Amino acid sequence: MYDDVDYINPNTGTDNVWQHTKGNVNKKLERAEPYRFFLSPVDCDPSTHVENLTLSFAELLDKSLGDLEESLHINLIINLKWLYEQYRITGQKDKISILFHSCDYELDELKKIPNLSYKQLRLPNLFSLQQSNFRFKQTQPQNQFYSHHSKLSMFAYSDGSIRIVVMTGNLRKFEFTNITQGFWVSPKFPLKNEDDKSDGDSKTGFKKDILRYLNSYNNIPLLRSWIQKIEKADFSEANVFFIPSIPGKHLEPMWGHQYLKYILKTHACIPFGQPSDWPIISQVSSLGIYGDSYKNWLLSELVESFSQSTHCSTDKAVNFNIFPTMDNILNSWDGPVGGSCVLYCDEVHQKQTWLKNYMRKWVSNSRNRSKAVPHIKTYCRISPCNTEMSWFLLTSANLSKTAWGKKLWQDRSYTISAFEVGVLFLPQFLTGCNTFSLNQKQNNGRSPPFPLHFDLPLSPYSSTDQPWRVDALDS
């Protein structure tokens, strides 16, 4: 497999975005304040390559961001050739560690990589490989029904600082070519001063929550040094909340939609109108099984949690779900091939056709991504006039019980079946306002409007539109 590829070829590899920003990516991040929310570039649309809020993976490795000492990628799927190439072209090779669930290459093939040692570990079925400073472990959750779906990267620098990146893409070329992905990129969190006796956390508790998440892996050796790096760092400048899910049965509201519910009830503001008039908009790349009615899990659990705010009303908001239509996918840059990363099947849809009443088309003309299949996953709550937003969540979690959790009514506990991570944007912590502005013309001197990645107003499905199902092409 490795004889005829450029995995170790020093004369190949490029990046259409990074070539415009090489040595200046730090300035791009600064210009993106206070949100630091980016979309991936679209190969087929060169206009996206020079947008201020486009970010390629290679740009995360630009030397203007610091003297990179080590990096860690926690993800579902890794293409080692592609990932290694990103490090090679930016001059950062041999500074990678990975924790992942599955790999695009067979493990037997990995033995063929020069200078690569291979060792299979048990408990809980980890695979460890090492090439110079290139290390990775494959994790298979002990329960066969659990999944490892998080998309989290961390970068450690020689001055002791650390940077966190939450994204929505698996680390493979296909998902960073003509697909819409999202990134949140933190500032560099510096090493705490020796005389600083504080916990080094922010008002959002970001440090506490990411440590809770990493410690949930039950002392995997690869993570120990990263936990120590985070413990020593000053996260006081973190202006978003870290929203994790981990598999298992839970009693405390510290994971999944139960944790999001707690934060929204404490901080989310609905400044005018009735809360029920502010819809919740989910935009995902995979749909789950919800039962024969909207009133089942979607309304009774997820929407109930997402409807929380500081407002005294207990009315639930309506939930609209942006999900590509068949035409969205067939007319995308990659056609039906692009739909391979959008998961929904016809058999499930035929049992919940009521869902179509709540579905909206993928339209992103304002961000030049209408033809770039959305693998990004977001949730937000928007005013009825489409000019204000109460909160915004970028996450790996799709619209499913697996990702968010399901209540067990007999003992008030809840179960989650996946590792997930996300970041929650609340305006009080980013702009000092009650809501995010979505309208440049009516901004009135406030902070920059939030760079929403889909168009408003939403576009309902027509009577002939159908949600994308890969197995419906032959039906």
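The values are calculated or read from the model by the stated rules, or taken from the named source; none is laboratory data. Note that this is a predicted model, so its numbers are computed, not measured. Glycine also receives a Cβ, built like all others from the backbone with ideal geometry; neighbour counts cover every protein chain displayed. Accessible surface areas use protein heavy atoms only, side chains included; no ligands, DNA or RNA. Shrake-Rupley method; radii C 1.70, N 1.55, O 1.52, S 1.80 Å.
Some points to look at:
- Options (i) 0.95; (ii) 1.05; (iii) 0.99 - which one matches Cα Rg over 2.2 N^0.38 Å as calculated here: (i)
- The shape of region 239-363 comes out prolate: with a ≥ b ≥ c from the C-alpha gyration tensor, a/c is at least 1.5 and a/b beats b/c.
- When each of the peptides 161-168, 365-372 is scored by the mean number of other C-beta atoms lying within 10 Å of its residues, the order from highest to lowest reads 161-168, 365-372.
- Exposure check, 1.4 Å probe, all protein chains in place: Leu214 carries approximately 0 Å² of accessible surface.
- A DSSP coil position with no more than 15 other Cβ atoms inside 10 Å describes the following trypsin sites (Lys or Arg not before Pro) in region 175-265: Lys197, Lys203.
- Cα gyration tensor shape for region 314-419, rounded if a/c is under 1.5, else prolate or oblate: oblate
- Computed over protein heavy atoms with a 1.4 angstrom probe, the accessible surface ordering of Asp43, Asp209, largest first, is Asp43, Asp209.
- In the chain, the sites counted are GluC sites (Glu not before Pro) in DSSP loop states with at most 15 other Cβ atoms within 10 Å, and the longest stretch holding none of them, exclusive of the sites, is 238-475.
- Loop-located chymotrypsin sites (Phe, Trp or Tyr not before Pro) in region 237-304 (DSSP state other than H, G, I, E, B) with a sparse environment of at most 15 neighbouring Cβ atoms within 10 Å: Phe272.
- The chain - share of DSSP beta bridges that are antiparallel (%, nearest 5): 70
- Three principal axis lengths of region 354-475 [C-alpha, angstrom, descending]: 49, 43, 23
- Region 202-307 shape via C-alpha gyration tensor axes, a/c threshold 1.5: oblate
- The portion of the accessible surface of region 251-350 made up by carbon and sulfur, rounded to a whole percent, is 55 (1.4 Å probe; DNA, RNA and ligands excluded).
- For region 196-212 versus region 12-76, the spacing of their alpha-carbon centroids is 27 Å.
- Surface exposure of the chain, expressed per residue as accessible area with a 1.4 Å probe, stands at 41 Å².
- Region 204-253: radius of gyration over Cα atoms, expressed as a fraction of 2.2 N^0.38 Å: 1.21
- Residue among Ser216, Phe176, Ser396 farthest towards the positive dipole end of the chain, charges placed on Cβ: Ser216
- Positive-pole candidate from Gln350, Pro451, Asn434, dipole of region 347-470, charges at beta carbon: Gln350
- DSSP-assigned coil residues among chymotrypsin sites (Phe, Trp or Tyr not before Pro) in region 384-418, each with at most 13 further Cβ atoms within 10 Å: Trp409
- Helical runs assigned H by DSSP (4 residues or longer) give the chain a calculated mean residue ellipticity at 222 nm of -4000 deg cm²/dmol, each run adding -39500 (n - 2.57) before division by the residue total.
- Solvent accessible area, Å² - Cys269, 1.4 Å probe, full protein context: 20
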